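Visitor: Quick one: this structure, given as structure tokens, is what I'll be asking you about.
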Amino acid sequence: MSRIGKRPVQIPSGVTATVSGQTIELKGPKGTRSFRATDDVDMIVEDSAITVKPRGTSKRARQQWGMTRSMLANLATGVSTGFKRELEIQGVGYRAALQGKVLKLNLGYSHDVDFQVPEGVTVTVPKPTEIVLEGIDEQLLGQVAANIREWRKPEPYKGKGIRYKGEFVFRKEGKKK
């Protein structure tokens, strides 16, 4: 049995949910998001909560039950408060700057890295060594953060590179003479 799927998703104030068939649409102050569930689950909107129920007892129905509930919870959070990812840049001469919709990264290469910010993600650079990503789609936000981090992952000897805020980088000891 899914323990996640049993719990109803609370709809925050200011958010409206409409179900049509297997598609649910949530509208909130930050924007509108929709999700299409598989035929293995039923979604029921009651006063201020969304309940997900499986249509059968098959393994797939039970898997979709918990996954659908998690997706709906993420949609509700996204349209009401949004999501945020923070990246830190560490290293001498490593810095970031925002020019319109292009994030310019100076990461020790012979050229600057120009990262085109996709639609649905807002980027701010409060300091040259900090990047803040915000948006209503958690999956897109995480993918953009991972793509930026991939340009220069933190290396274990000096710790230089792009890391998530609060990320622990295991440091190695260098060669001994």
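Visitor: Looking at GLY78, GLY93 in this structure, which one is crowded, with 16+ Cβ neighbours inside 10 Å and in contact with a strand residue (DSSP E or B) (Cβ under 8 Å, 6 or more places away or on another chain)?
Guide: Details: GLY93 fails: crowded, with 16+ Cβ neighbours inside 10 Å.
Among GLY78, GLY93, only GLY78 is crowded, with 16+ Cβ neighbours inside 10 Å and in contact with a strand residue (DSSP E or B) (Cβ under 8 Å, 6 or more places away or on another chain).
Visitor: Can you spot a residue in the stretch 140-157 that is under 28 Å from SER48 (Cα atoms) and under 20 Å from the mean Cα position of the chain (by Cα)?
Guide: In the first step, residues of the stretch 140-157 are kept if they are under 28 Å from SER48 (Cα atoms); the result is 140-141.
Next cut, under 20 Å from the mean Cα position of the chain (by Cα) only: 140-141.
Scanning the stretch 140-157, I find at least one residue that is under 28 Å from SER48 (Cα atoms) and under 20 Å from the mean Cα position of the chain (by Cα), so the answer is yes.
Visitor: Just one of GLN90, GLN116 is over 20 Å from the mean Cα position of the chain (by Cα), not acidic (Asp, Glu) and not assigned by TED's automatic domain parsing to the domain that holds GLU25; which is it? Can you show your working first?
Guide: On the way: GLN116 fails: over 20 Å from the mean Cα position of the chain (by Cα).
Criteria check complete, one pass: GLN90.
Visitor: Of all residues being touching a residue at least 60 places away in the same chain (Cβ under 8 Å) and surrounded by 18 or more Cβ atoms within 10 Å (Cβ to Cβ) in the stretch 29-53, which is nearest to SER80 (Cα to Cα)? Just the residue, please. Give the steps one after another, and end with the answer.
Guide: In the first step, residues of the stretch 29-53 are kept if they are touching a residue at least 60 places away in the same chain (Cβ under 8 Å); the result is 30-31, 33.
Right, trim to surrounded by 18 or more Cβ atoms within 10 Å (Cβ to Cβ) and you get 30, 33.
Working: LYS30: 6, ARG33: 11 Å.
Result: LYS30.
Visitor: Any residue at all in the stretch 64-74 that's aliphatic (A, V, I, L, M), without any contact (Cβ under 8 Å) to a residue 40 or more places away in the chain, within 23 Å of ILE11 (Cβ to Cβ) and in a helix (DSSP H, G or I)?
Guide: First, the residues of the stretch 64-74 that are aliphatic (A, V, I, L, M): 67, 71-73.
Remaining after also requiring without any contact (Cβ under 8 Å) to a residue 40 or more places away in the chain: 67, 71.
Next cut, within 23 Å of ILE11 (Cβ to Cβ) only: 67, 71.
If we keep only those that are in a helix (DSSP H, G or I) too, we end up with 67, 71.
Yes, because at least one residue in the stretch 64-74 is aliphatic (A, V, I, L, M), without any contact (Cβ under 8 Å) to a residue 40 or more places away in the chain, within 23 Å of ILE11 (Cβ to Cβ) and in a helix (DSSP H, G or I).
Visitor: So THR57 passes all but one of these: (1) assigned to a loop (DSSP other than H, G, I, E, B); (2) buried (at least 19 other Cβ atoms within 10 Å of the Cβ). Which condition number does it fail?
Guide: (2)
Visitor: Based on this model, can you work out whether GLU25 counts as more than 19 Å from GLN139 (Cα to Cα) and either surrounded by 12 or more Cβ atoms within 10 Å (Cβ to Cβ) or not assigned by TED's automatic domain parsing to the domain that holds GLY135 (or both)?
Guide: Details: more than 19 Å from GLN139 (Cα to Cα): no; either surrounded by 12 or more Cβ atoms within 10 Å (Cβ to Cβ) or not assigned by TED's automatic domain parsing to the domain that holds GLY135 (or both): yes.
No; evaluated as a whole, the condition is false for this residue.
The values are calculated or read from the model by the stated rules, or taken from the named source; none is laboratory data. Everything numeric in this text was worked out from a predicted model, so none of it was measured. Cβ atoms come from the backbone with ideal geometry, glycine included; neighbour counts cover every protein chain shown.
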